[in-house]
Amino acid sequence: QVQLVESGGGLVQPGGSLRLSCSVSGYIFSLLAVDWYRQAPGKQREMVALIRPSDSRDYADFVKGRFTISGDIAKNTVDLQMNSLKAEDTAVYLCHVNLRARDYWGQGTQVTVSS
């Protein structure tokens, strides 16, 4: 069973940066596609970034050029570097894996962008 634990959220001013980390366990890390989602109050959950076992990456249009997803096989972690943060990036950020048609989610980490 895949287990996901996020860390690194917090309060940051507009224009600032944060780095989120997702620790992955319970499966062969190098075989997993891992993505980051976010959910703001009153809004639907939306995909932010995805990294595949091939190391190819996808980003939602609203974060392209600002966020970078990366994987560390030695640490079994997937990080999300977030730069040039905006107030509208405020949300709970969740790590996600779909394995054998089953969704696994972390507990989420809160990111608040405010002056």
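Summary of computed values
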| read-out | value |
| --- | --- |
| Conditions (1) in contact (Cβ under 8 Å) with a residue 60 or more places away in the chain; (2) open to solvent by 60 Å² or more (accessible area, probe 1.4 Å); (3) among the small types (Gly, Ala, Ser): number failed by GLY108 | (2) |
| Condition check for SER17: in contact (Cβ under 8 Å) with a residue 60 or more places away in the chain and open to solvent by 30 Å² or more (accessible area, probe 1.4 Å) | yes |
| Checking TYR37 against (1) crowded, with 18+ Cβ neighbours inside 10 Å; (2) without any contact (Cβ under 8 Å) to a residue 24 or more places away in the chain, the condition it does not meet | (2) |
| Which numbered condition GLU6 fails, given (1) among the charged types (D, E, K, R); (2) part of a strand (DSSP E or B); (3) modelled with pLDDT under 95 | (3) |
| Residues being small (Gly, Ala, Ser) and more than 17 Å from VAL113 (Cβ to Cβ) - total across segment 60-87 | 3 |
| Residues of segment 73-97 classified as in a strand (DSSP E or B) and modelled with pLDDT under 95, total | 0 |
| Flag for ARG57 being open to solvent by 60 Å² or more (accessible area, probe 1.4 Å), more than 21 Å from SER114 (Cα to Cα) and without any contact (Cβ under 8 Å) to a residue 60 or more places away in the chain | yes |
| Considering residues of segment 41-54 that are more than 16 Å from VAL111 (Cβ to Cβ) and open to solvent by less than 80 Å² (accessible area, probe 1.4 Å) only, the residue nearest to the chain's Cα centre (by Cα) | LEU50 |
| So ASN83, is it under 15 Å from GLU6 (Cβ atoms) and open to solvent by less than 90 Å² (accessible area, probe 1.4 Å) | no |
| Residue check, ASP103 acidic (Asp, Glu), open to solvent by 40 Å² or more (accessible area, probe 1.4 Å), more than 13 Å from LEU20 (Cβ to Cβ) and in a strand (DSSP E or B) | yes |
| Test for LYS64: is it over 23 Å from GLN3 (Cβ atoms), open to solvent by 10 Å² or more (accessible area, probe 1.4 Å) and touching a Pro at 6+ places or on another chain (Cβ under 7 Å) | no |
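The values are calculated or read from the model by the stated rules, or taken from the named source; none is laboratory data. Just so it is clear, the model here is predicted, and its values are computed rather than measured. As a convention, Cβ positions derive from the backbone with ideal geometry for all residues, glycine included, and neighbour counts pool all protein chains shown. Surface accessibility is based on the protein's heavy atoms, side chains included, excluding ligands, DNA and RNA. Shrake-Rupley method; radii C 1.70, N 1.55, O 1.52, S 1.80 Å.
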